[in-house]
Structures are given as structure tokens and as C-alpha cells.
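Student: Quick one: this structure, given as C-alpha cells, is what I'll be asking you about.
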Amino acid sequence: MLHVDLLLLDLVIVLAAARLLGAVARWLGQPPVIGEIVAGILLGPTLLGPLIGDQLFGAEMRPPLQALANVGLVLFMFVVGLELDQKLVRGKGRIAVTVALGSTVVPFVLGCVLALGIAGDHVGGDRTLPFVLFMGAAMSATAFPVLARILTDRGVQRIALGGLSLAAAAVIDVLAWTVLAVVVGIAGAGDAEGQWKVLLTVPYALVMFLVVRPLLARLVPAYEKAGRLTPSLLSLVLIGLIGSAWATEWMHVHFIFGAFVFGAVMPREGAERLNHEILERLEQLAVLLLLPMFFVVAGLNVNLRALDLSSLGTLAAILAVAVGGKLLGSYAAARAQRLPNRSSWAMAVLLNTRGLTEIVILTVGLQKGVLDDELYSLMVVMALVTTAMTGPLLRRIYPDRRVARDMAEAERAALGVAAAHRVLTVVPGSPAEQAPLVDLASALARAASPSEVVLAHLRPYPQGRLEVGSGLSSELAELAETLHDLEGLAGTVRAHGPEVRVVSRFSGDVAAELPELVTGAQPDLVVLPADVSGYAGIRDGAVCRVVTVTPAAASGLQDSPARTSAASPGSADPAARTSPSSADPATRTSAAGSATGPIAVHHGSGGDAAAHVALTLALLQDRPLVVVGGGRASALAQRLARLGVAATSGAVPAGALVVAPDAGTAVDGAHLLVRAEQDADPMDWAAAVSALRAPVPHP
């Protein structure tokens, strides 16, 4: 006999525990579903044990709680189908489908192999086929709703990574539900009745899409006529939803498919307001009351006390297959579509999210007798682990600053604004003597198109008081002369293609203001001498790539015909002074070395940034490239040579311009030190060479 008072007490306990632990999970940066499932596990035999657990949630209480949970699941699957945005795959179809296939096939195959190995311990002979297929489907699932929530919380849904991940997850959802429908059909086809009813699934799907969908489209004009979602309209939707769920359950294909399909056939065009009101009504009931009930009931069926050492071995195998299969399959498919390395790993981590979808699949398996209690408990733990690891891993692979940068690029693209590759050059001392420095910045700017060079120059205020009169006019004359010299340098840069901006002003504290100026300009590359005022602040504060011209660069300029014979005070490189008027711009050298000498780069653990700078100078100035640094250097030289670059490996040749990574350790004889940008991606050398050989449009 059902005790209503105990049922109501159970509801109070379940809802309070779900809300409390869901809030704790959200506070820890995890989806609330994790806290709700943990609440169910804690309320079950794992913590409370058979004495208290059976008193509160015994066999008599499970059926009514399960019934409420099933109603919540029907509403939830309808919401998933209704929110399935079919536009996600448009324009991303090839990449999304490829990644989805890799993210599904690899874990599915590995899951089937694992199932064959453990089938003898968990199922009988007649259940082996559905068990094997079910394990494959469970391993390949991705929780689309939880994934969407994770992306929304971080704003990632607004960038290309988020859109591709959602599109791939939508395709995975369709594949997973299709495989699960086949598995449930096989598992429920044990009697004569089940065998013929399963065959009705194809006619059912045709009726839903060809008959029910056009009928549901008539809801839109009725809604617009009423001006709101009336009880009659909502009742029609609920009747159709529950009827569709009943039909698939009667056909032995589980009610979740009927609920999902009914949501998928709801009208889309012109029905945005109608669907929004339906979601607003149903989500409150489903999310606040019935869906937490489902997750808690799912957790009540988990008994971690019954696990032994052999179970831990099985759990380790399940985690290895689930995580390894998802990550490797998704990553390999993304890389096959030439997505960047960082984006490929981020997509793999996102698609490893199991969450809601996995719990739904596992519950179906338990209800259909495909899973036993032990394996169900282990698979629930796997679902929790894979969902919990998504957020921390994503922040490590794709940090917030990278998301912010991608969001800014997406906003510029949406406005139709082409983002120029910005190279900021800190011009110290007398600008007339910094032509080699600016030439270097101009060459590096030409590596991308469109590009922009910013010449930043700050002059210290003169000592003493500033008064209106002859004293001030002399300083203003100096500033005017400085601006004239900067414009002369800017003209030589414009002759090569990039746009130029000049920033010059007096400063009360050059060392303090220069880092602020650089940070505010948001450059993609900074070029500056090592002994410029405020160098440490600029280098440490910049998140972009930084190229430092060292004092050793002076030695490479001794044979330059463009050099003046004397150095003036204040220059960053006293032996490297060149006036714009002292030589033709086409014959001037870069910051070090002759214009025809080789370029040597130390390549090793410091990353690819230094090698890319050296490659840029070598290709744009038609100079040979020598890669120094052992095995990795030899491999890079061979790879570049296969791409048609005049690259070799070996020792630093005499008279070479030497480029080295700025990794905190001194490199003897280095003229340029290159510090990589934060969160740098591994270099795609084929794309880099192709971009450098492409003609640069002139304004």
C-alpha cells in the first residue's frame, strides 16, 4: 500500500537535495546535473545504507518516484528536440559531420570491443548482441544540452569553436539516438508481439514528419490570432507529445524517442514566439521539479558499496575507452579537416561531455535489462567523471583570454571589418636614426594582409618649468622635427604596402607610459630595442608576440652602406644609426646583417615563433635560412625544404642574422629575440609558407 505521507516526504528530500547539491556544483564551476546525480547517489544505498535508504526510498516508493521521473524525462526530451537548431549544421556540414563521425565511430567500436570482453560477467548469451551494441552507443554519446550550457556560460557559443562543437554534437545526438533505437528494438524483440511492433517505427517516423508536422504548423496562425499561448494550444501540444511518447513505448522503442521526435517536428519558421512561450512554461516544471527527480532516481539505483576490486578494474577500462575513444576520435577527425591543433583538442574535450544524455541512455539500458546494477553504477560514475572534467580541461586548453580574442574577431567579422595585422614598433631616441628598426617592423608586417604598422615614440618633458615663450617653442620645434622624421619613416613603410599610424607625444614618465601605450594598442606583434625605456614592462605586459632587437645587432651593421659614422645619444643601438635620407629605401639593410646574408634561427624548446620570424625575413628578403639546434632543427629544415624554401640545418654561418627564442636564457650572438604570443598554436608551416609567398596588395 502506498503511503502518501512518505511519498511527499521523499519529494521534499529529493528536491531539497537536488537544489542544494546542484547549487554546490554550479559554485564549483560544474553543471548542476552533476550535483543532482550525486544527490541521488548519496540518498541511495551508497551512503544511507539499506536501513535508512530502504525506509525512505524502498521498493514501495520507487515506482511512484520513477513515474514522476519519467514524466520529467518526456518533457525534457521534448525540449531537447524543440531546441535542436537545424541551422547549426548549415555552412558547417562537412566539418561537423566528419568530426561527429570520428567522435562516434571510434568510441563505438572501442565500446563494442570492451563489451565483448566483459559480456560473460554481466549478461547471458541471448543478450550479448544488444549488450555489445548498447555499450558502443553509450560510449559514443555526447550531452548536447549540457554542452550548450557549458558553451553559453563561457560565451564560447559565439565563436567558431562553439558553433562547430554544437553542430557536431547535434549530429552525434541523432546518431546516438538512432543506434539506441536499434538496440532497444533488438532488446525488446524477444517475444512475437515485440517483433512486429518494432517494424512500425519507420511508418511512425514518416507520419510524424509528413503528416503531423504540417498539422502542427497550423498552431502558428492560431497563436498569432490569440496573441498568447492559450491553455487550449498548450493542451494540444501536451496531448500530441504524450501521444507520441506512448506510441514509441508501445512499439518497444522507448518513450524518449517519441518525445524527442515530437519536439523535432514542431514548427520553426515564424514560430519563434510560440516556441519560446512553450519552453518557458514547460522548462519551469521540468527543470525545477521533474527533471531533478529523474536524476535523483537515477542516482538511487547506484550502489557503490557493492563494488569490489574487480569492479575498479572494469571502471578503469570503461573510463579509458570512453575518454580515450572520444578524445582521439574527435581530435583526429578535426585535424583531418585542417582545424588548428588547439581548436581540435578543445572540440574533443567538449564532445567528451556525457551528462544528461548518458544518464538517459543508461536508464533505458537498465529498464530494458541490457545493463545489470553493477555495470549501471560504473557507467554512471563514468558519466559524472567525463562531464566534470570538461570545464577544467577546456579552460586549460582554451583559456578565457583566447575566447575573448576570438569573440572580438567574430564581432569584427560580423560587422564586415577586416582586422589588420598590427605591428607596433617602439621608436626610441631620435627617429631619424631608427630606419633599420622600422624596416624590420615593415618586413614582419608584410607577412600578413591587411597589415598596419604603428610607430610609437614618446619624448620626455624637458627639465624645469614649462612657460609660454621661447622655452616652450623650442620643445615644440623639437616635437615637430620628430614628427617629420617619423613621417619620413612612415613613408618608406607605406611604399611596401602596410598602412602606418604615428603616435608621438611628450611624456612625464616614458618608462611607465610606454607599456600602457603598447597594451592599449592591442598589437599582434611588438618590435622594440632591448634597452628602450620601460622594456621589462612592455615585454611582460604584452600578450602578443614580441621581437627584441638586441645590442648584438650592432655588429651586423658594420658593413652597411646606409650607416652614419657617428652615434647620437639616446639611440637604442648606438652603432646602428641610419638616417632615412642617407640611403635609398630599397638598399637599406634590416635591423642586423646585410640584406643578402643568410638568416640563422635557433629552433628547439622555445616554440615556433622564432622560426616563423626567421622564415618571414628569409622569404620576403630572398635570403637563405639555416636552422640550428639538433634533431628538431634538422626536421624543420627538411620540412621547409620540401615546401620549396632554401633551408638547411647546421651551425650559424658567418655574417648571418641570428634569430633565437626569447625563453629567459641568453643566446650568444643573437640579433633578434622572439617571445611567442600567449596561448600560441603550433605552426602550420605549409600554410605559413603559402601565405608569405602570396602577393601582398598595395593600397
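Student: Going by the conditions given, is R338 more than 24 Å from R127 (Cβ to Cβ), in a helix (DSSP H, G or I) and open to solvent by 30 Å² or more (accessible area, probe 1.4 Å)?
Tutor: No.
Student: Now for a different question. Given the conditions (1) over 14 Å from N70 (Cα atoms); (2) crowded, with 19+ Cβ neighbours inside 10 Å, report the number of the one that H254 does not fulfil.
Tutor: (1)
Listed here are the residues, each with its yes/no results for (1) outside any helix (DSSP H, G or I); (2) at pLDDT 80 or above; (3) farther than 21 Å from L291 by Cα.
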residue	(1), (2), (3)
Q30	yes, yes, no
D54	no, no, yes
L65	no, yes, no
L68	no, yes, no
V80	no, no, no
L88	no, no, yes
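Student: So, one more: Counting only residues that are closer than 23 Å to V527 by Cβ, crowded, with 21+ Cβ neighbours inside 10 Å and touching a residue at least 40 places away in the same chain (Cβ under 8 Å), how many does region 604-644 have?
Tutor: Counting residues in region 604-644 that are closer than 23 Å to V527 by Cβ, crowded, with 21+ Cβ neighbours inside 10 Å and touching a residue at least 40 places away in the same chain (Cβ under 8 Å) gives 11.
Student: I'd like to check something: does region 358-369 contain any residue that is open to solvent by 20 Å² or more (accessible area, probe 1.4 Å), modelled with pLDDT of 90 or more and in a helix (DSSP H, G or I)?
Tutor: The answer is no, given that none of the residues of region 358-369 is open to solvent by 20 Å² or more (accessible area, probe 1.4 Å), modelled with pLDDT of 90 or more and in a helix (DSSP H, G or I).
Student: Something else: Considering (1) open to solvent by less than 60 Å² (accessible area, probe 1.4 Å); (2) in a loop (DSSP other than H, G, I, E, B); (3) at pLDDT 75 or above, say which one A562 fails and leave the rest.
Tutor: (3)
Student: Residues to consider are L309, L288, L315; find the one that is among the aliphatic types (A, V, I, L, M) and in contact (Cβ under 8 Å) with a residue 40 or more places away in the chain.
Tutor: Exactly one of L309, L288, L315 is among the aliphatic types (A, V, I, L, M) and in contact (Cβ under 8 Å) with a residue 40 or more places away in the chain, namely L315.
Student: Return yes or no: is D406 under 22 Å from C544 (Cβ atoms) and surrounded by fewer than 20 Cβ atoms within 10 Å (Cβ to Cβ)?
Tutor: Judged against the criteria, D406 is a match.
Student: Scanning region 259-274 for residues that are at pLDDT 85 or above, open to solvent by 10 Å² or more (accessible area, probe 1.4 Å) and not hydrophobic (A, V, I, L, M, F, W, C), which turns out nearest to V237 (Cα to Cα)?
Tutor: P267
Student: Under 8 Å between Cβ atoms, at least 6 apart or on separate chains: pull out the pairs that start in region 683-699 with a residue that is open to solvent by 70 Å² or more (accessible area, probe 1.4 Å) and end on any residue that is modelled with pLDDT of 85 or more and not in a loop (DSSP other than H, G, I, E, B).
Tutor: R693/L619
Student: Another one. Evaluate the following for L236: is it farther than 30 Å from V179 by Cβ, part of a helix (DSSP H, G or I) and open to solvent by less than 70 Å² (accessible area, probe 1.4 Å)?
Tutor: So L236 fails the test.
Student: Specify the residue that is surrounded by the most Cβ atoms within 10 Å (Cβ to Cβ); the eligible residues are those in region 32-52 that are more than 12 Å from V302 (Cα to Cα) and modelled with pLDDT of 75 or more.
Tutor: E36
Student: Let me ask you something else. Just give me the residues in region 278-301 being at pLDDT 80 or above and either closer than 17 Å to L73 by Cβ or surrounded by fewer than 16 Cβ atoms within 10 Å (Cβ to Cβ) (or both), in sequence order.
Tutor: L279, E280, R281, L282
Student: Please go through region 653-669 and pick out each residue that is aliphatic (A, V, I, L, M) and either farther than 16 Å from L617 by Cα or at pLDDT below 85 (or both).
Tutor: Answer for region 653-669, where residues must be aliphatic (A, V, I, L, M) and either farther than 16 Å from L617 by Cα or at pLDDT below 85 (or both): A654, A663, A666, V667.
Student: Restricting to region 497-514, what's the tally of residues that are under 35 Å from the mean Cα position of the chain (by Cα) and open to solvent by less than 30 Å² (accessible area, probe 1.4 Å)?
Tutor: 4
Student: What tally of residues in region 204-233 results from selecting those that are open to solvent by less than 60 Å² (accessible area, probe 1.4 Å) and either in contact with an Asp or Glu (Cβ under 7 Å, 6 or more places away or on another chain) or under 29 Å from K368 (Cβ atoms) (or both)?
Tutor: Within region 204-233, residues that are open to solvent by less than 60 Å² (accessible area, probe 1.4 Å) and either in contact with an Asp or Glu (Cβ under 7 Å, 6 or more places away or on another chain) or under 29 Å from K368 (Cβ atoms) (or both) number 5.
Student: Checking the structure you have, find out if any residue of region 136-148 is part of a helix (DSSP H, G or I), open to solvent by 40 Å² or more (accessible area, probe 1.4 Å) and aliphatic (A, V, I, L, M). Talk me through it step by step, then tell me what you get.
Tutor: Here is the first cut: in region 136-148, the ones part of a helix (DSSP H, G or I) are 136-140, 144-148.
Now narrow it down to the ones that are open to solvent by 40 Å² or more (accessible area, probe 1.4 Å): none.
No, there is no match, as no residue in region 136-148 is part of a helix (DSSP H, G or I), open to solvent by 40 Å² or more (accessible area, probe 1.4 Å) and aliphatic (A, V, I, L, M).
The values are calculated or read from the model by the stated rules, or taken from the named source; none is laboratory data. Bear in mind the structure is a predicted one, so any value in this text is a computation, not a measurement. Here Cβ is always computed from backbone atoms with ideal geometry, including for glycine, and neighbour counts include all displayed protein chains. Ligands, DNA and RNA are excluded from the accessible area calculation, which covers all protein heavy atoms including side chains. Shrake-Rupley method; radii C 1.70, N 1.55, O 1.52, S 1.80 Å.
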